[in-house]
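The values are calculated or read from the model by the stated rules, or taken from the named source; none is laboratory data. Please read these numbers as outputs of a predicted model, since none were measured by experiment. Note: ideal-geometry Cβ built from the backbone for every residue, glycine included; neighbour counts use all protein chains shown. Keep in mind that these areas ignore ligands, DNA and RNA; they rest on the heavy atoms of the full protein, side chains included. Shrake-Rupley method; radii C 1.70, N 1.55, O 1.52, S 1.80 Å.
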Amino acid sequence: MNRAEDLEVAGRTVLVRADLNVPLAIGAGLRAMGPGGSPPGQESAPPDQHRITDDTRIRASLPTIRDLLARGAGVIVCAHLGRPKGDDYDARAAGGPSLAPVAGRLAELLGQPVALAADVAGESARTIAATMGAGEVALLENVRFEPAETSKDDEVRGELAARLAALADAYVGDGFGAMHRKHASVYDTPRLLPHAAGQLVLAEVGVLRQLTTSPARPYVVVLGGAKVSDKLAVIGNLVGKADRLLIGGGMAYTFLAAQGHRIGDSLFQADQIGQVTAVLADAAKAGVDLVLPVDHVVADRFAADAQPELVPGPDIPDGKMGLDIGPATSELFARKLADAKTVFWNGPPGVFEFPAFAAGTRAVAGAISAVTGLTVVGGGDSAAAVRHLNLPAGAFTHISTGGGASLEYLEGRDLPGLAALEDGT
Ligand code: ADP
Ligand code: MG
């Protein structure tokens, strides 16, 4: 894969596909909206009321942009934000979210103006590109205002890709969090220009490659989060690679149910029982130590102010739901992590957003941060948990900016964005 740092860029205009999909809150004190998880009806708030609640992804995009600017390029950044809704460009652009707050934050961090195009690859973008000088930065509007960006039709995406490519002389792919999407700005545009991978993508891929090719052992994988169905593919692949699989969070209950335990009203995906049973059998056959919770913190409802109760065994009584792993499980997981040389963590083991149910996540994060070796956190909510719990970010070797992309990489799938950057020269 070509490196952006090796591209000849002086006096040229470079289109950088970045991942600037940051969480936004609308106005003060209103509900937060996760990347891509915008609550309906809130996207129409005026852009000046959007507040960025976590700028990690913007910061992660800076090294590549700064390097290109320093070497005399004009940089046009292309990115998506949230999930614009509507049948055509006008409806989506009217509904938002606009990248305006991101342009503002990017300008602050770069310490120079960032011109925001009024469109993605139309009149405004073309004018900015045509008049842009060396060392200047512009940001295109939310690329998902263009319905073609996510189209399944190659020709439809190709038309948008051609308009994007016409804005620049070269393409740099640095949006790791979008690399698993076969989208116009990720997959089709690089084919039309000299292209290379940015520093963030190279760093992410470097770490993930270490996890998939001869990881130092013991290799321990900690999985949690809400739905077991989201993670079955990656578990299936890791059964053949990891030495131990520690499973907590909402997904653990379907495993416990498959083993015949009572799980009360805990999160449960009945349709996944067959596959979960197969994973348990595969793990046993491969000699993988698959560890499930041995105690729980439960409540009678899913709420921040619900009364936490300790259940000292694996079975959860009727009327109660497991919202965190218990202290014996935290200790068990910590023991299984103590001698690890490689750790991959995806998915919080409890509902860490509720302080009464955050102890398990804090304990597991602490045990992982004590490991000397390669420790990687992947997953949007897991990375958010690390920040939320005020754990030192330096305690982990790497916190991935791309949840879905890092999981798909570990599943052994080809990421379309990476494939496009590898093709040709
Ligand atoms: P990631 O984004 O890191 O991949 P997921 O999206 O899979 O993680 O899951 C994160 C969510 O899982 C968190 O919002 C957390 O509250 C939730 N979760 C963890 N444990 C439980 C549980 N016992 N019951 C319900 N939800 C849970
Ligand atoms: Mg998530």
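Here are the numbers for this structure:
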item: 1 or more residues touching a residue at least 60 places away in the same chain (Cβ under 8 Å) and buried (at least 16 other Cβ atoms within 10 Å of the Cβ): qualifying helices (runs of 4 or more DSSP H) within segment 213-328; result: 228-239, 252-258
item: Residue count for segment 329-351, restricted to those that are within 16 Å of ligand 1 (Cβ to nearest atom), open to solvent by 10 Å² or more (accessible area, probe 1.4 Å) and either farther than 22 Å from F302 by Cα or free of Cβ contacts under 8 Å to residues at least 40 places away in the same chain (or both); result: 1
item: Evaluation of P355 against (1) surrounded by 17 or more Cβ atoms within 10 Å (Cβ to Cβ); (2) at pLDDT 90 or above (one fails), failing number; result: (1)
item: Qualifying positions in segment 364-423 - of a type in the set (V, I, T), open to solvent by 40 Å² or more (accessible area, probe 1.4 Å) and assigned to a loop (DSSP other than H, G, I, E, B); result: T372, T397
item: Residues of segment 366-398 satisfying the condition of being in contact with a Gly (Cβ under 9 Å, 6 or more places away or on another chain), touching a residue at least 60 places away in the same chain (Cβ under 8 Å) and more than 11 Å from ligand 1 (Cβ to nearest atom); result: T397, H398
item: Residue tally, condition open to solvent by less than 10 Å² (accessible area, probe 1.4 Å) and among the small types (G, A, S), over segment 149-164; result: 1
item: Of all residues making up segment 102-130, the number that are open to solvent by 10 Å² or more (accessible area, probe 1.4 Å) and either in a loop (DSSP other than H, G, I, E, B) or at pLDDT below 95 (or both); result: 6
item: For P416: the one exception among (1) of a type outside the set (S, T, N, Q); (2) touching a residue at least 40 places away in the same chain (Cβ under 8 Å); (3) within 15 Å of ligand 1 (Cβ to nearest atom); result: (3)
item: Residue match in segment 44-65 (condition: at negative phi, at pLDDT below 95, within 16 Å of ligand 2 (Cβ to nearest atom) and open to solvent by 60 Å² or more (accessible area, probe 1.4 Å)); result: yes
